Amino acid sequence: MLELAILGFLYEQPLHGYELKRRVAHLTGHVRPIADGTLYPAIKRLERAGWLERRTEPGSRAAPRHMLTLTDDGREELRRRLREADEVDISDENRWFTVLAFLRHLASPAEQAAVLRRRLGFLQEPSSFFYDSDGVRPLGAEAFDDPFRQGVLKIARATSKAELSWLGTTLEELEAR
């Protein structure tokens, strides 16, 4: 998720490390704060792979700053990762939002729609956070007296309903292009 976010933001424009960290943190929200010990090793991995370049610029009042720029290979790597988003990228909400944030960088509406169809398929599978005692049948909010479990399930159901509606509309628009 972190590497995808780095590639995605640098696809849009070159950034200094601090600005990149700020944007990634805003995208991932309070759920996953980004530490320097996580961000900068990821940047170095992407640099070693040839997907981004770093150049030093003089700082206006402080030490020199590193400007990060995506290479052509980095642009292709982002598009590949978006096209080939794995099962976890499709099913994990935070990872899915990262994919979705940069999906516009796939130029082909057919490629964009293919990724959205995979998410749609995931959302249409019966699932729950809670299952019957055999672990087979998903349980809905009405199966619980516990208002907190009911809340988890009702919020998840409303979120899924809204996303399913958005996916339907967006897929229609993409397929009309």
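Quick notes on this one:
- Only one of ARG95, ARG104, ARG81 that is touching a residue at least 60 places away in the same chain (Cβ under 8 Å), closer than 30 Å to ALA156 by Cα and open to solvent by 60 Å² or more (accessible area, probe 1.4 Å): ARG95
- Filter result (closer than 13 Å to PHE102 by Cβ, part of a helix (DSSP H, G or I) and either among the hydrophobic types (A, V, I, L, M, F, W, C) or at pLDDT below 95 (or both)) within the stretch 79-88: LEU82
- Flag for GLN150 being open to solvent by 80 Å² or more (accessible area, probe 1.4 Å) and not small (Gly, Ala, Ser): no
- Pairs where the first residue, in the stretch 159-173, is modelled with pLDDT under 95 and open to solvent by 40 Å² or more (accessible area, probe 1.4 Å) and the second is outside any helix (DSSP H, G or I) and not basic (Lys, Arg), C-beta under 6 Å, 6+ apart: none
- For the stretch 59-78, filtering for residues that are of a type outside the set (D, E, K, R), surrounded by 12 or more Cβ atoms within 10 Å (Cβ to Cβ) and modelled with pLDDT under 95 leaves 2.
- GLY29 vs. criteria within 23 Å of ARG104 (Cα to Cα) and out of contact with any Phe, Trp or Tyr (no Cβ under 7 Å at 6 or more places or on another chain): yes
- Residue check for PHE122: among the aromatic types (Phe, Trp, Tyr), surrounded by fewer than 18 Cβ atoms within 10 Å (Cβ to Cβ), touching a Ser or Thr at 6+ places or on another chain (Cβ under 7 Å) and assigned to a helix (DSSP H, G or I): yes
The values are calculated or read from the model by the stated rules, or taken from the named source; none is laboratory data. Note that this is a predicted model, so its numbers are computed, not measured. Note that each Cβ is placed from the backbone with ideal geometry, even for glycine, and that neighbours are counted across all protein chains shown. Ligands, DNA and RNA are excluded from the accessible area calculation, which covers all protein heavy atoms including side chains. Shrake-Rupley method; radii C 1.70, N 1.55, O 1.52, S 1.80 Å.
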